[in-house]
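Colleague: Shown below is the structure under consideration.
The values are calculated or read from the model by the stated rules, or taken from the named source; none is laboratory data. Owing to the predicted nature of the structure, the values given are computational and were not obtained by experimental measurement. Methodologically, a virtual Cβ is constructed for each residue, glycine included, from the backbone with ideal geometry; neighbour enumeration extends over all protein chains shown. For the accessible areas, the whole protein counts, side chains as well, though only heavy atoms, and no ligand, DNA or RNA atoms are used. Shrake-Rupley method; radii C 1.70, N 1.55, O 1.52, S 1.80 Å.
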Amino acid sequence: MNLTAHDIIIRPIITEKTSSLMALNKYTFEVHKDANKIQIRDAVEEVFNVKVAGVNTINVKGKLRRRGASKGYTRSWKKAIVALKPDQHIEFFEGASI
């Protein structure tokens, strides 16, 4: 499977909790379900031109939703929390507020 860096990083996740992680130099992204930690690290380093210290991934399960008698699940997805080296930061997130 040949994924480009822009295929791996789907979108940044900006919430109140992830904003507090930005103070600790950790940034959160939704990533491709099949991407591993090495691919995620390489993609973030390529797209944002930074050095990554570590990557943690979480598989987020879809939630049950009901509409009348019918039931279904929202899609499941993968989240990556990327820790950068101390002297690095991503300008894309600067000034992002919720």
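Colleague: Tally time: how many residues in region 14-36 are modelled with pLDDT under 95, open to solvent by less than 50 Å² (accessible area, probe 1.4 Å) and under 12 Å from the mean Cα position of the chain (by Cα)?
Modeller: Number satisfying all stated conditions: 1.
Colleague: Okay, next question. Filter region 59-75 down to residues that are open to solvent by less than 50 Å² (accessible area, probe 1.4 Å) and under 30 Å from A43 (Cβ atoms), then give me how many there are.
Modeller: Count: 2.
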